[in-house]
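For reference, the structure discussed in these notes is given below.
We did not get these values from a lab; they are worked out from the coordinates using the rules stated. Owing to the predicted nature of the structure, the values given are computational and were not obtained by experimental measurement. Here the Cβ positions follow ideal geometry from the backbone for every residue, glycine too, while neighbour counts run over all protein chains shown.
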């Protein structure tokens, strides 16, 4: 048992913002765009803090920084779409990472609840926000998945080490 013991002080670094962000960048994630429609105006935000939460009921979660320019919009939304981007949609990811994204060149359709789903994604989820939890510098949104659509022919857009791969 002793041979597996590691002296944490010798090998591990005390966490700070820089090495914490670098460490988390080593976790490979997919890229999503969350979207909603408020008063006939479309909003979207690129997110990689997205994961499944429960199979029964079908729940997912994502989080937004409390300083996000889109926090108020999503905080006041009941329904959202989550669009899991394909490898060919890097420009869409970049667009929705901006403070003022442009929907003009985005190929989308509206669901009955008015929310946009982006076409040519590997998956689209129609969701209802069930709960919001403030933890640290983020708000965690827990969403019930109402409907899904998948495209098995596409490859995912992947983010690793602060780069698309």
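Details
- Cα-Cα P(r), the range 27-97, percent of pairs per 5 Å interval: 4, 15, 26, 26, 18, 10, 2, 0
- Available extension along the chain between residue 120 and residue 165 is 14.4 nm, counting 0.36 nm per residue and deducting the alpha carbon span.
- Counting all C-alpha pairs of the range 67-120, share separated by more than 17 Å (%): 44 percent
- Labels on offer are (i) 31, 18, 12; (ii) 31, 18, 17; (iii) 38, 26, 10, and the one holding semi-axes √(5λ) of the Cα gyration tensor in Å computed from this structure is (ii).
- Rounded to the nearest 500, the helix-only mean residue ellipticity at 222 nm of the chain stands at -3500 deg cm²/dmol, with each DSSP H run of n ≥ 4 adding -39,500 (n - 2.57).
- Based on C-alpha pairs under 8 angstrom that are at least 6 apart in sequence, the chain has a relative contact order of 27 percent.
- Remark: the residue 142-residue 104 segment gains 10.8 nm on full extension, using 0.36 nm per residue and subtracting the alpha carbon distance.
- Taking every C-alpha pair closer than 8 Å and separated by at least 6 residues, the mean separation divided by the residue count of the range 105-165 gives a relative contact order of 27 percent.
- Between residue 155 and residue 24, the FRET efficiency from the beta-carbon distance, with R0 = 22 Å, is close to 0.40.
- Fewest-first sequence of 77, 69, 52 by Cβ atoms within 10 Å of each Cβ: 52, 69, 77
- Whole-angstrom gap from the range 104-165 to the range 46-103, using each part's C-alpha centre: 6 Å
- Scattering from the range 95-165 was approximated by placing one identical point on each alpha carbon and applying the Debye formula without solvent; log10 I(q)/I(0) at 0.15, 0.18, 0.21 1/Å stands at -0.77, -1.09, -1.30.
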